[in-house]
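Some notes on the structure that comes next.
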Amino acid sequence: QVQLVESGGGLVQPGGSLRLSCVASGSILRINAMQWYRQAPGKQRELVATINNGGNTNYADSVKGRFTISRDNAKDTVYLQMNSLKPEDTAVYYCYGNIIPRGLGPVGYWGQGTQVTVSS
């Protein structure tokens, strides 16, 4: 089985920074695209950032210029560096990976989520 585990969330003041990490573990043949989503109370889950296996990235308009997604293929890890944080960034952040397990076709996996709260 494959698992994704997020870390790095917490409480930060407006204008501050946080770095989220998501580590994939298990019987993995290949990791394709990895993504970060977020969900605020009463809102639908929204896509924040994407990175594919070639290193190409995409961002939601609301975070462009402030957030950076990256990956370390040797560690099966994806990161989200969040700078200039705003109160509207407050949400539970989820890691999502399109992963090929050994012996199977591609499968989508979700992490449990990590809380990010931006408040003074």
Going by the structure shown, is Gln44 among the polar types (S, T, N, Q), closer than 22 Å to Thr117 by Cβ and touching a strand residue (DSSP E or B) at 6+ places or on another chain (Cβ under 7 Å)?
no
Could you list, in sequence order, all residues of segment 1-49 that are within 15 Å of Glu88 (Cα to Cα), among the charged types (D, E, K, R) and open to solvent by 80 Å² or more (accessible area, probe 1.4 Å)?
Lys43, Arg45
Hey, among the residues in segment 100-112 that are touching a Gly at 6+ places or on another chain (Cβ under 8 Å) and touching a residue at least 40 places away in the same chain (Cβ under 8 Å), which one's surrounded by the most Cβ atoms within 10 Å (Cβ to Cβ)?
Tyr109
Just for segment 67-99: of the residues that are under 22 Å from Asn53 (Cα atoms), over 12 Å from the mean Cα position of the chain (by Cα) and of a type outside the set (Asp, Glu), which one is surrounded by the most Cβ atoms within 10 Å (Cβ to Cβ)?
Ile99
Please determine whether any residue of segment 46-56 is of a type in the set (A, V, I, L, M, F, W, C), out of contact with any Asp or Glu (no Cβ under 7 Å at 6 or more places or on another chain) and under 13 Å from Asn32 (Cβ atoms).
yes
Of the criteria (1) modelled with pLDDT of 95 or more; (2) open to solvent by less than 60 Å² (accessible area, probe 1.4 Å); (3) touching a Ser or Thr at 6+ places or on another chain (Cβ under 9 Å); (4) not hydroxyl-bearing (Ser, Thr, Tyr), which one Gly55 fails
(1)
Those strands (runs of 3 or more DSSP E) completely within segment 15-57 that have 1 or more residues that are among the basic types (Lys, Arg) and under 19 Å from Arg71 (Cβ atoms) are 18-26, 28-39
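The values are calculated or read from the model by the stated rules, or taken from the named source; none is laboratory data. In this text, all values refer to a predicted model and were calculated from it rather than measured experimentally. Neighbour counts are summed over all protein chains in view; Cβ atoms, including those assigned to glycine, are modelled from backbone coordinates with ideal geometry. Accessible surface is based on the protein model in full, side chains and every heavy atom, while ligands, DNA and RNA are left aside. Shrake-Rupley method; radii C 1.70, N 1.55, O 1.52, S 1.80 Å.
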